[in-house]
Every structure is written in structure tokens, then in C-alpha cells.
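These notes are about the structure you will find just below.
The values are calculated or read from the model by the stated rules, or taken from the named source; none is laboratory data. Keep in mind that what you see is a predicted model, and the values were worked out from it rather than measured. For neighbour counting, all protein chains shown are included, and Cβ atoms are generated from backbone atoms with ideal geometry for every residue, glycine included. The area values use the complete protein model at the heavy-atom level, side chains included, leaving out ligands, DNA and RNA. Shrake-Rupley method; radii C 1.70, N 1.55, O 1.52, S 1.80 Å.
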Amino acid sequence: MAVVEPVPSAPGTRRRLRLRSPATLEPIGELEVQGPEDVHAAVERARKAQPGWAALSFDDRARYLKRAVRVLLGRQDEFVDVIVRETGKPRTEALGEILAACDALTFYAKRAKRILADRTVPVHLMKTKRLRLSYRPLGVAGIITPWNFPFILALNPTAQALMAGNTVVLKPSEVTPFSGRLVEELFAAAGLPEGAFNLVLGDGETGAALVEADVDKISFTGSVRTGRKVGEACGRRLVPCTLELGGKDPMIVCADADLERAANGAVYGAFTNAGQVCVSTERVYVVDEVADEFVRRVVARTAELRQGARGEFEIGPMIFANQLEVVERHVADAVAKGARVLAGGRRNPDQPGLFYEPTVLVDVRHDMQIMREETFGPVLPIMRVRDEDEALRLANDSPYGLNANVWTRDKRKGERLAKAIESGSAVVNDCMLTYGVTESPFGGLKDSGVGQVNGEIGLRSFCHAQSILIDRFGAKSEVLWYPYSGRKLSLLRRAMRVLWGTPLGRLFS
Ligand code: NAD
């Protein structure tokens, strides 16, 4: 049964979708799909509000974000309830979204003023000029987000766009629209000026309308398939975009790894949020001499996990029925090609909702879908390799390049291996996390995306760095200006010889 299904609606009215809880499959609400006119109206509201919002000082804008943190702290249980209701995730994981939101709001509120301050850039050659950089907001940012962390993935780019002086139109996933609506409620409660934040609800049609609307930037988080469409549309319209897409993150376990920590990290990295994390550990390469012990520990830890919908548990349901079908397909393909299931490997028969048991697979090969395509579910395939070189080769044998993790007691080797992996970020002796460390720019290589969010780089990606070159001395003319002459030509030649052909010149070039 789908968790999002169309509801018959009268001709001439908006399409409607019915939502069900992924944990219980009970109906939890309906959603009206907003069309292109609604999107245009939202973009117009944002456009109108933008100059006023950008004219505020950083401190004034920061005040709204800090107020939002106070609202979050005061209403955290209410917000957690909404997230849990439409995702089924454990309360601890839902609270993690609120925690990360408090951090993101505070981080950018406190630091945007410094990161985006006008600055003088020293000029190496043209000493008669002064170069100033000014980070101007782009205008209206369209933000499109997925269902796996429905609150923080909507809130985080919004906080960055707003602090940079843009106004925002957010289109959250149709699978988790009520968590998207929380962002609207939050900023309303924080007293954000009319039009600075705007929400449109709906599915792919609404998202596509936002990409085609009069926006100045698209910040997209979602699948590779949709990301390509968004990228194509932005390319056609020459609108800048960041595309934060899927991953197939590798984990390399070296012979000298702390196996207990690595096994615990593998289980958490693969199963938290029921494996529905863009930086989930999706494939493990463990060096032969420690493989048996590593697998034994992983299977033992997996057996301790509790799956459920009420009380204390670690593993919730899959959030979206279509994704559960992908998981089942990948596991079936692996088993048909010779993989062995050491834990899980099926839907949980004791639960009514979209529950898939945490699954450990061994004897996997690189021609299996489970090693090549994003699974986005609670499955940990473990492959035994000869040595670290083979692990590295297989880690890089992937169309994806989002994140990766390496486990070794030798931190220098860990860093060397991390650098050799073709991924947007990497972690040594831990997993995921790069998204959680707010300073860290985050974004994938290869099919995992274009551009980066978060940290100074992410915040600046919501701006255009305008360079302003100011003449310092006001001479009546410049060497390169008219008139041209043979004398000027030989003067330039001599200057070139000195600058790039002599030791003295190299000091200035
Ligand atoms: P999705 O691509 O199906 O949908 C993402 C968003 O795009 C939704 O809001 C959807 O309504 C909208 N959309 C659909 N069609 C559109 C179109 N033609 N134009 C514009 N918008 C459109 O992805 P999903 O299933 O919601 O999310 C899961 C995917 O997101 C996984 O691949 C996961 O790895 C990825 N993800 C990436 C990151 C990251 O930061 N790299 C983070 C979380 C999730």
C-alpha cells in the first residue's frame, strides 16, 4: 500500500493526495497539490519582500533566526510529534532533526556577518587598484527537499539562504509535507517579515513549476533522477543550482582497525533512520584477515536492534513504499546471484507498516545491484577483499561519490585512504557526520551532485561575490590605455621579461 495516493477530486479543483503513516498505514491527512499559479504567486511574494529583507543588517536578520531557536526549544515535543507521525522514525532520531536545526540556525545567525562581510582582497600585480569583494544575495531562492530528514533538510538551506539576504520559496516532499509546514510555522512564530519565507506544497509538478518560476537559485536535495531534470531546467534557464543527490557510500575496514568500534559504526551507519540517509554506509569492504571477526560482531550488534513503532526501539519503518520495493528488489537480486543473508532479509512480519528488518549480507559481488545502486534502506552488504588497494579500487568503482568512511588505528593512513576515495567528503573512524558538522562543506562528486551546501562555502553559494575594483591614485591615464605605440609595446615586453623572467620579478608575480 502506498503512503501517498491520489484522492479523486472534482474537475477544476486542485489535485489531492492522501497520506498514510508508514508505521501503521493509517490515514494521517490530505494534501492539496499547488500548481504553477500558486508557485508564481509565492515567488512574487518572495520577490516583493526581498529588497526589504536584504536591506536589514546581519544582526537584524540573525535576531529572527535566534528567535526561531527559542521557539524550537520551547515547542520541540510538538515538532517531534509531527515528524514521527509522518516518518515513523524513533523519537531520538526526530529530536536529532530539531537539534541539528538549532545548531544550523545559531551557526549561520552568529557567523554570516563575518563570512559574508565585504572584504579587501590583496592585489598581487596591479598595485594601483584596490579590490573589494561584496557578497550580494542572489534574490529569491527556490528550495526543494526530500522525505528522509523532512525538517532539517528543509530548514538548513532555508536558514542559509535567509541569512545571506535572499527570500525563500520552499517545496518540501509530498511524502512528508507536514514537516515542511513546520518550517513555515517556525518562521511565522519567530515573526519573520511577510514574504521572506514562503511555502508551496505538492509533488513533482509543484517542484518543476518552482524550477521554471522566476527564481534566482535552486537548492535541490533528492534523487539523481530528479536532480538531472532540475539541473537540465536550470541549465536551460541559466539559473544557478546546487544538486545534493544520492550516494552509495563505501566503508573500508583495514586490518588494523578497532573492530569493535568499526562494527558498531557499520551497524549505526547502515541502519540509522532505517538506512534512509544519503550518507548511509551502503557497502563494506573488509580486509580478509579481519573479515570473519568483523562480520561476527556486526551480526551480533544487528541482532540486538529493536524494530518498532512504539516505546523504545532503534529501527523505524521505511518512510516511502516505493523505496521499500527498491530494497526488496536489491536484496532479491543479491540472493539470486549468490549472496547469503546473515540477518533480516525480509519485511518484518510482526508490523503492519513499511518495516524491513535490518539486513546483513555477505558473499556479495560487484555485479549485484546492492553494490552498485543506491538502496536507501536498512541493508549492509559486506564484501571481503584481499587488501586495502583492492578495497580502494572497489570503493571507487561506482557512479556515486557522496561520502565514505575508513577505519584504521593509523590516522595518517586513514587520511591517505580518505583522500584517494572519489567522494565529496570522507570520515576516518566514524561515519556520516560530515553533514552534521556545520563548518564542513557538503556535496557529492560524480552522480552524487553538483555544488556544496553548509559551512562558509555553502553560505556563500547563496550569494554572488561581486568584485569591485577601485582605482587608488587617480592618474590622468593608464599604461594600457590609448594611444598605442611602438614605445608602449617595447615597455610592456620589458615589463614581462622582468616580471616572469627574473628572480626579482617573481617576487611580484
Ligand atoms: P526525489 O528526487 O524523488 O524528490 C525530491 C524532491 O523533488 C521532492 O520534493 C519532489 O516532490 C521533488 N520533485 C520531483 N520531481 C520533480 C521535478 N521534476 N522537478 C522539481 N522537483 C521535483 O527524492 P526523494 O525520494 O524525496 O529523496 C530520496 C533521495 O534524496 C535519495 O536519493 C537520497 O540519497 C537523496 N538525498 C540526498 C541528500 C544529500 O544531501 N545529498 C540528502 C537527503 C536525501
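Within the stretch 41-90, which residues are touching a residue at least 40 places away in the same chain (Cβ under 8 Å), touching a helix residue (DSSP H, G or I) at 6+ places or on another chain (Cβ under 6 Å) and open to solvent by 30 Å² or more (accessible area, probe 1.4 Å)?
Residues satisfying the conditions are PHE58, LYS66, VAL82.
Filter the stretch 430-451 down to the residues that are open to solvent by 40 Å² or more (accessible area, probe 1.4 Å) and in contact with a strand residue (DSSP E or B) (Cβ under 6 Å, 6 or more places away or on another chain), then identify the one that is nearest to the ligand (Cβ to nearest atom).
By that ranking, first place goes to TYR435.
Are any residues in the stretch 261-294 within 13 Å of VAL362 (Cβ to Cβ) and among the β-branched types (Val, Ile, Thr), and if so, which ones?
VAL284, VAL286, listed by residue number.
Kindly check whether there is at least one residue in the stretch 305-319 that is within 10 Å of the ligand (Cβ to nearest atom) and under 30 Å from GLY142 (Cα atoms). Give the steps one after another, and end with the answer.
Of all residues in the stretch 305-319, those within 10 Å of the ligand (Cβ to nearest atom) come to 319.
Checking the rest, the ones that are also under 30 Å from GLY142 (Cα atoms) come to 319.
Yes: one or more hits.
All but one of (1) of a type in the set (Ser, Thr, Tyr); (2) within 14 Å of the ligand (Cβ to nearest atom); (3) over 27 Å from TYR108 (Cα atoms) hold for THR408; which doesn't?
Only one criterion is unmet by THR408, namely (2).
Restricting to the stretch 458-474, name every residue that is open to solvent by 20 Å² or more (accessible area, probe 1.4 Å) and more than 14 Å from the ligand (Cβ to nearest atom).
Across the stretch 458-474, the qualifying residues are ARG460, HIS464, ALA465, GLN466, SER467, ILE468, LEU469, ILE470, ASP471, ARG472, PHE473, GLY474.
Within the stretch 1-25, work out how many residues are of a type in the set (D, E, K, R) and part of a strand (DSSP E or B).
Result for the stretch 1-25: 4.
Among the candidates ALA213, ALA208, single out the residue that is more than 10 Å from the ligand (Cβ to nearest atom), over 20 Å from GLY52 (Cα atoms) and out of contact with any strand residue (DSSP E or B) (no Cβ under 6 Å at 6 or more places or on another chain). Talk me through it step by step, then tell me what you get.
Numbers: ALA208 fails: more than 10 Å from the ligand (Cβ to nearest atom).
Just a single option satisfies the conditions, and that option is ALA213.
Out of all the residues in the stretch 417-467, which are touching a residue at least 40 places away in the same chain (Cβ under 8 Å), β-branched (Val, Ile, Thr) and more than 22 Å from VAL169 (Cα to Cα)?
ILE421, THR434, THR438
State which residue is farthest from LYS446 (Cα to Cα) when the search covers only the stretch 389-418 and only residues that are of a type in the set (Lys, Arg) and open to solvent by 40 Å² or more (accessible area, probe 1.4 Å).
ARG409
Tell me, which helices (runs of 4 or more DSSP H) lie completely within the stretch 127-233 with 2 or more residues that are in contact (Cβ under 8 Å) with a residue 24 or more places away in the chain and within 25 Å of VAL80 (Cα to Cα)?
Ranges flagged: 152-163, 177-189.
Which condition breaks for ALA291 when tested against (1) within 16 Å of the ligand (Cβ to nearest atom); (2) more than 19 Å from the chain's Cα centre (by Cα); (3) in a helix (DSSP H, G or I)?
(1)
Among the residues of the stretch 479-496, are any among the polar types (S, T, N, Q), more than 16 Å from the ligand (Cβ to nearest atom), under 30 Å from HIS124 (Cα atoms) and free of Cβ contacts under 8 Å to residues at least 40 places away in the same chain?
Yes, some residue in the stretch 479-496 is among the polar types (S, T, N, Q), more than 16 Å from the ligand (Cβ to nearest atom), under 30 Å from HIS124 (Cα atoms) and free of Cβ contacts under 8 Å to residues at least 40 places away in the same chain.
Has the stretch 190-200 got any residue that is over 27 Å from GLU422 (Cα atoms), within 16 Å of the ligand (Cβ to nearest atom), more than 22 Å from the chain's Cα centre (by Cα) and modelled with pLDDT of 95 or more?
Checked against the condition, which is being over 27 Å from GLU422 (Cα atoms), within 16 Å of the ligand (Cβ to nearest atom), more than 22 Å from the chain's Cα centre (by Cα) and modelled with pLDDT of 95 or more, the stretch 190-200 yields no hits at all.
Take PRO36 and tell me if it is surrounded by fewer than 17 Cβ atoms within 10 Å (Cβ to Cβ) and more than 27 Å from the chain's Cα centre (by Cα).
Numbers: surrounded by fewer than 17 Cβ atoms within 10 Å (Cβ to Cβ): yes; more than 27 Å from the chain's Cα centre (by Cα): no.
It is false that PRO36 is surrounded by fewer than 17 Cβ atoms within 10 Å (Cβ to Cβ) and more than 27 Å from the chain's Cα centre (by Cα).
Please go through the stretch 234-273 and pick out each residue that is in contact (Cβ under 8 Å) with a residue 24 or more places away in the chain, assigned to a helix (DSSP H, G or I), open to solvent by less than 10 Å² (accessible area, probe 1.4 Å) and within 13 Å of the ligand (Cβ to nearest atom).
Hit for the stretch 234-273 is ASN273, nothing else.
Can you tell me which residue is most open to solvent (accessible area, probe 1.4 Å) among those in the stretch 216-233 that are within 6 Å of the ligand (Cβ to nearest atom) and not aliphatic (A, V, I, L, M)?
Of the stretch 216-233, the ones within 6 Å of the ligand (Cβ to nearest atom) are 221-223, 226, 229-230.
Imposing the further condition that a residue be not aliphatic (A, V, I, L, M) reduces the set to 221-223, 226, 229.
Working: THR221: 27, GLY222: 21, SER223: 48, THR226: 54, LYS229: 126 Å².
Result: LYS229.
Residues that are more than 13 Å from the ligand (Cβ to nearest atom), in contact with a Leu (Cβ under 6 Å, 6 or more places away or on another chain) and open to solvent by 60 Å² or more (accessible area, probe 1.4 Å): does the stretch 365-387 have at least one?
No: the stretch 365-387 contains no residue that is more than 13 Å from the ligand (Cβ to nearest atom), in contact with a Leu (Cβ under 6 Å, 6 or more places away or on another chain) and open to solvent by 60 Å² or more (accessible area, probe 1.4 Å).
Report, ordered by the first and then the second residue, all pairs with beta carbons closer than 9 Å, sequence separation of six or more or different chains, a first member in the stretch 318-332 that is open to solvent by less than 30 Å² (accessible area, probe 1.4 Å), and a second member that is modelled with pLDDT under 95 and away from the ligand (no atom under 14 Å from the Cβ).
ALA321/MET1
Which of the residues spanning the stretch 128-148 are within 16 Å of the ligand (Cβ to nearest atom) and among the charged types (D, E, K, R)?
Hits for the stretch 128-148: nothing passes.
Among the candidates ILE83, ILE28, ILE98, single out the residue that is on the phi < 0 side of the Ramachandran plot, in contact with a Ser or Thr (Cβ under 6 Å, 6 or more places away or on another chain) and part of a helix (DSSP H, G or I).
One residue alone meets the criteria, ILE83.
Every residue, every condition in (1) open to solvent by less than 40 Å² (accessible area, probe 1.4 Å); (2) on the phi > 0 side of the Ramachandran plot; (3) within 14 Å of the ligand (Cβ to nearest atom), yes or no:
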residue	(1), (2), (3)
TYR108	yes, no, no
ARG119	no, no, no
MET126	no, no, no
PRO150	yes, no, yes
GLN160	yes, no, yes
VAL169	yes, no, yes
GLU174	no, no, yes
LEU186	yes, no, no
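Just to be sure, is GLU93 assigned to a helix (DSSP H, G or I), touching a strand residue (DSSP E or B) at 6+ places or on another chain (Cβ under 7 Å) and in contact (Cβ under 8 Å) with a residue 60 or more places away in the chain?
no
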